[in-house]
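Q: Encoded as structure tokens, here's the structure I'll be asking about.
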Amino acid sequence: MLFRSGLVFLYEPYIFTLSDGSKYVPDFFILHSHTFVEVKGLWEPGAKKKFKLFVQGFKYTTYLADLEFINLISRRSPHA
């Protein structure tokens, strides 16, 4: 979806150290809006906690594209 959007983005460009000392790497960074997008089909153990720590600890706009969201926009997209 991002490829077709025409947006300029980077894949996993940054590593963040969270408040608990663990590392977090958001999936995509949208350059023009300084926005992160995290894509999740299945949540690995501990992933929800890391995502929440990132959102709480860093004040970037962050969107979660989980399986439900991806299915929803895929049905609405004329290119799906």
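Q: Rank 44, 12, 38 by accessible area, highest first, at a 1.4 Å probe radius?
A: The ordering from most to least exposed comes out as 44, 12, 38.
Q: Given 0.36 nm per residue, what is the gain on full extension from residue 66 to residue 20 after removing their alpha carbon distance, in nm?
A: Working it through step by step, the gained length comes to 14.2 nm.
The values are calculated or read from the model by the stated rules, or taken from the named source; none is laboratory data. Owing to the predicted nature of the structure, the values given are computational and were not obtained by experimental measurement. These area figures cover heavy atoms from the full protein model, side chains too; ligands, DNA and RNA do not enter into them. Shrake-Rupley method; radii C 1.70, N 1.55, O 1.52, S 1.80 Å.
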